[in-house]
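Here the structure is laid out as C-alpha cells; the discussion comes afterwards.
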Amino acid sequence: MLPSDAARLEKHGIRATAQRLAIAEFVLHTDEHPSADEVWARVKERFPYLSRATVYNTLNRFVEVGLVRQLILSEGRVVFDPRTADHHHFIEDGTGEIQDVPCDALFVSRRPPLRATHFR
C-alpha cells in the first residue's frame, strides 16, 4: 500500500497544509515535467488565492527533501520531475516535450556507458 500524500509530506518533515497537499497531488503524480508556473496554474484551479510564492517555496522544499528533482534545462527554464530514480531525459527539439528514458535503455557504441546525472 502506498502512503498518502499527507503521510509522505509528514515523513519528510513538511506540514501537510491544504495548499501543499494540492501541489503534491499534482506534481508527485504527473507524467509531465512541469515548471513552477505550470504547477501554479493547475493548482490555482482548486485554490484561486494560491500565490506563486507558495508554489515556488513548496517546490523548492520538495526538492530539498528529495520528493522531486529540479531540472535546469536552460537559463530561465526549470522544470520539476517526480521520478527521483536515476534516468535520462530526451527533449524533443520541435515541441520541447521531455521523455524519461531508463538508464539501461541507452547504449552508445565506442563510448563508455552513459550514466544518470543527478539534478538538485
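Here are some notes:
- Within the stretch 36-47, no residue that is on the phi > 0 side of the Ramachandran plot sits with its Cβ atom under 7 Å from a residue that is among the acidic types (D, E) at 6+ positions apart or across chains.
- Of all residues making up the stretch 67-86, the number that are under 22 Å from D31 (Cβ atoms), outside any strand (DSSP E or B) and of a type outside the set (G, A, S): 6
- Sole residue being modelled with pLDDT under 90, open to solvent by less than 50 Å² (accessible area, probe 1.4 Å) and among the aliphatic types (A, V, I, L, M), chosen from A24, A16, A105, A116: A116
Here's the yes/no breakdown for (1) at pLDDT 85 or above; (2) over 16 Å from the mean Cα position of the chain (by Cα); (3) of a type in the set (S, T, N, Q); (4) open to solvent by less than 70 Å² (accessible area, probe 1.4 Å):
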| residue | (1), (2), (3), (4) |
| --- | --- |
| M1 | no, yes, no, no |
| L9 | yes, no, no, yes |
| Y49 | yes, yes, no, no |
| H89 | no, no, no, yes |
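The values are calculated or read from the model by the stated rules, or taken from the named source; none is laboratory data. The model shown is predicted, which means the values in this text are computed figures rather than measured ones. When we count neighbours, we look across all protein chains shown, and the Cβ atoms used for this are built from the backbone with ideal geometry, even at glycine. Accessible surface areas use protein heavy atoms only, side chains included; no ligands, DNA or RNA. Shrake-Rupley method; radii C 1.70, N 1.55, O 1.52, S 1.80 Å.
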